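Engineer: Here you go, one structure.
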Amino acid sequence: MFCVASLEPPHTFSFKITKDEFDEISQTEGFKPAPYLARANWVLVTDPSRMNKKELESYLRKSYEMILSKISRKAQIELGIK
């Protein structure tokens, strides 16, 4: 899991970011530490209009790569990821 999104309004989503980014971004308007996952450096985007498409894609790609890096190569192969 690298992103969690609500399908019902209000539309919000959470994703993992680096520890260095967490302190700054979680204090920015439209963002806050993700409930239950903040200790693992996840943020909750409460106002998606605060990000443009390019920023969102970049954060989601980084989140995916951070989570993927924690999965063993063998498991990645078994899952068909690599």
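Engineer: Quick check on my filter: what residues within the stretch 26-40 are within 20 Å of residue 69 (Cβ to Cβ) and either touching a strand residue (DSSP E or B) at 6+ places or on another chain (Cβ under 6 Å) or of a type in the set (Asp, Glu) (or both)?
Structural biologist: Once the filter is applied, which keeps residues that are within 20 Å of residue 69 (Cβ to Cβ) and either touching a strand residue (DSSP E or B) at 6+ places or on another chain (Cβ under 6 Å) or of a type in the set (Asp, Glu) (or both), the stretch 26-40 yields only 34.
A quick yes/no check of all residues on (1) within 25 Å of residue 82 (Cα to Cα); (2) under 10 Å from the mean Cα position of the chain (by Cα); (3) of a type outside the set (A, V, I, L, M):
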position: 10; (1), (2), (3): no, no, yes
position: 13; (1), (2), (3): no, yes, yes
position: 18; (1), (2), (3): yes, yes, yes
position: 24; (1), (2), (3): no, no, yes
position: 39; (1), (2), (3): no, no, yes
position: 43; (1), (2), (3): no, yes, no
position: 51; (1), (2), (3): no, no, no
position: 55; (1), (2), (3): no, no, yes
position: 63; (1), (2), (3): yes, yes, yes
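Engineer: Let me ask something else. Which one is nearest to residue 17 (Cα to Cα), of the residues in the stretch 37-60 that are in a helix (DSSP H, G or I) and in contact (Cβ under 8 Å) with a residue 12 or more places away in the chain? Even if it seems obvious, please write down each step before you answer.
Structural biologist: Taking the stretch 37-60 and keeping what is in a helix (DSSP H, G or I), we get 38-40, 48-50, 53-60.
In the following step, the residues that additionally are in contact (Cβ under 8 Å) with a residue 12 or more places away in the chain were identified as 38, 40, 48-50, 59-60.
Details: 38: 10, 40: 9, 48: 16, 49: 19, 50: 16, 59: 7, 60: 9 Å.
Here the answer is 59.
Engineer: Further question on the same structure: Under 9 Å between Cβ atoms, at least 6 apart or on separate chains: pull out the pairs that start in the stretch 67-81 with a residue that is surrounded by 11 or more Cβ atoms within 10 Å (Cβ to Cβ) and end on any residue that is at pLDDT below 90 and outside any loop (DSSP other than H, G, I, E, B).
Structural biologist: From the stretch 67-81, the pairs are 68/76; 71/79.
The values are calculated or read from the model by the stated rules, or taken from the named source; none is laboratory data. Quick caveat, the model's predicted, so the values are computed rather than measured. Cβ: placed from backbone, ideal geometry, glycine included. Neighbour counts: every protein chain shown.
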